[in-house]
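To start, the structure itself, in structure tokens.
The values are calculated or read from the model by the stated rules, or taken from the named source; none is laboratory data. What you see is a predicted model, and the numbers here were worked out from it, not measured in a lab. Here the Cβ positions follow ideal geometry from the backbone for every residue, glycine too, while neighbour counts run over all protein chains shown. All accessible areas refer to the heavy atoms of the entire protein, side chains included, with ligands and DNA or RNA removed. Shrake-Rupley method; radii C 1.70, N 1.55, O 1.52, S 1.80 Å.
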Amino acid sequence: MKLYSLLLCTLFCIATGCDSLAARPKDRDDRGCATYNILDFGAKNDGTTDCAPAFEKIFRRMEGKRQVEIVLPAGSFRISRRIVFDQPQFGGYDYHSGICVRGAGEDATELICDNEDGGLYFNLATNMLTVTVCDLSLVAVKKGLGTAVEFNTADQNPGDHHSRMFQARNLLVRGPHFSNGYFANGIVVKNAWYPMLDNVKITSEYGDSHGKMAAGFALLDCYSPLVDKCYFWGGAEYGLLYRSEIDSEDGIVSDCYFVGQDTGIRVRLSARTDGWGEPAFHLTDSHIHYKVKGLALKGIRQGFVSGNLFYCFNRAASRWHADPDSVSSYTSKDIECDAVNDFIVSHNQFAEPASPKRVCIDILPNSGNLLIDGNIFNMDGTAIRNRSQVSSRCIGNVYTGSPDFTKSADGANALIRYVDPNGTLKTLDFE
């Protein structure tokens, strides 16, 4: 009976193309799909064996496939060079395809990046594609080591604009220890429609002599990104950089933390002046701790910033702290509005002592038509500076708190509510 069952199983595999009895990994599928376990290609999850050759074996095996999943089970996988996905079959605009790199969970699966360039790079000349990286940790063993995950469609953006081209979910980007190792950039996405970053955590180095990253998240020439439940702790020039020179619309950041960066979030979109441009941007329920700029906006209309906490760690010459340092050469700004119109800033908290050169909402001369409603200002510095010739409305804000950081160490006022040289800020305060 056992011999008969084995014979039937063999005949079935021959008839269907199943290779479960063969030595080669299981990857055949009549629909052009395949799942590859990296352990089947010579990789070891011991943290010391170089697993880059195993990825290259998978690349050779995946030729002709259009839907591919690469599985990294629990363990630590060391790579001596950046893994570059640039397979030619994933080009063109005839039909959709997909690639997924999946671990067993954050810190259950570690990709140990022991090289100068970083971790994973998807360089594919199509936008009829969805790339997903999920459920793992990327670990930089050196200081300022490349980019953890990068995506680029080789500057190609024709095709179907309804695909979410890149997704990063449940990732942790870090060094091997909180005081040693970090990536120069965390997640970099270029030329992607509707990219999504969901539950991605990034840290640089802790401590007084920690290294400084370029950017935690960078979205360059992307269309309508979504950044949700992400966290970045550590020194960097930017926590999130969203910059686009193409006709862009939309962008959403929600439920995120950006702590310790020079600029928490920088959004620079192409500001159209020849008609109905609508590059909206929404920031909600997030936490921004910055040095120079919390949220720097350029080229935005029809957007809102609501329900966030802003606070500044530039305390030079703080009147509440009686800080002995000289005032900084730069002005710290919680929200900078440059070419920003038809915009709402509501129900945010601007808190904690800082430099007297801090300005919470700075409306530049090329901006206007803002509604500033229901915010709490409790800090050193200036709450609202308006230099526009166009009117804006300021309604129902609160200018105090507990403890009252609007007072200096000797009890004098440390907060200026408005600086409005042109008289275009219309205010209504209920007190």
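Points to keep in mind about this one:
- Residues whose placed amide H lies under 5 Å from that of Val173, excluding near-sequence neighbours: Leu138, Lys201, Ile202, Thr203
- Using distinct alpha-carbon pairs, which all enter the 1/r mean, Kirkwood radius of the stretch 44-113 in Å: 13.2
- Across all Cα atoms of the stretch 292-431, the radius of gyration (one decimal) and Dmax (whole number) stand at 14.2, 43 Å.
- Environment charge of Asn413, counting only residues whose C-beta is closer than 13 Å and scoring Lys/Arg +1, Asp/Glu -1: 0
- FRET efficiency estimate (nearest 0.05) - Cβ-Cβ, Glu237 to Asp107, R0 22 angstrom: 0.20
- Principal axis box of the stretch 107-146, alpha-carbon based, largest edge first, Å: 35, 24, 11
- Rounded if a/c under 1.5, otherwise prolate or oblate - the stretch 78-133, Cα gyration tensor axes: oblate
- The residues of the stretch 68-133 have, on average, 34 Å² of accessible surface per residue, using a 1.4 Å probe with all protein chains present.
- Taking amide hydrogens as placed 1.01 Å from N in the peptide plane, the amide H of Ala414 sits under 5 Å from those of Lys407, Ser408, each at least 5 positions away in sequence or on another chain.
- Once the 1.4 Å probe is applied to the protein heavy atoms, the stretch 233-374 comes out at 36 Å² accessible per residue.
- Accessible surface for Asp342 stands near 60 Å², nearest 10, in the context of the full protein assembly shown (1.4 Å probe).
- The fraction of accessible area contributed by carbon and sulfur in the chain is 51 percent, rounded to a whole number (1.4 Å probe; ligands and nucleic acids excluded).
- Pairwise inverse Cα distances across the stretch 388-431, averaged and inverted, put the Kirkwood hydrodynamic radius at 12.2 Å.
- Alpha-carbon Debye profile of the stretch 43-192, log10 I(q)/I(0) at 0.14, 0.16 Å⁻¹: -0.64, -0.83
- Between helix 52-61 and the chain: long-axis angle, C-alpha atoms, 0 to 90°, nearest 10: 60
- Environment charge at Ser224 (Cβ cut-off 9 Å; Lys +1, Arg +1, Asp -1, Glu -1): -2
- Binning all Cα-Cα separations of the stretch 69-110 at 5 Å, short to long from zero, yields these whole-percent fractions: 6, 17, 20, 21, 15, 12, 7, 2.
- Degrees, to the nearest 10: 2-16 long Cα axis against longest axis of the chain: 60
- Helical mean residue ellipticity (222 nm; -39500 (n - 2.57) per DSSP H run of 4+; nearest 500) of the chain: -2000 deg cm²/dmol
- Label corresponding to P(r) over Cα pairs in 20 Å bins from 0, in percent when calculated from the structure given, among (i) 24, 47, 22, 6, 1; (ii) 16, 24, 22, 17, 12, 8, 2, 0; (iii) 19, 44, 26, 9, 3, 0: (i)
- Between the C-alpha center of the stretch 199-229 and that of the stretch 399-431 there is a gap of 33 Å.
- Once the C-beta distance of Ser402 and Asp117 is scaled by a Förster radius of 60 Å, the resulting FRET efficiency is 0.75 to the nearest 0.05.
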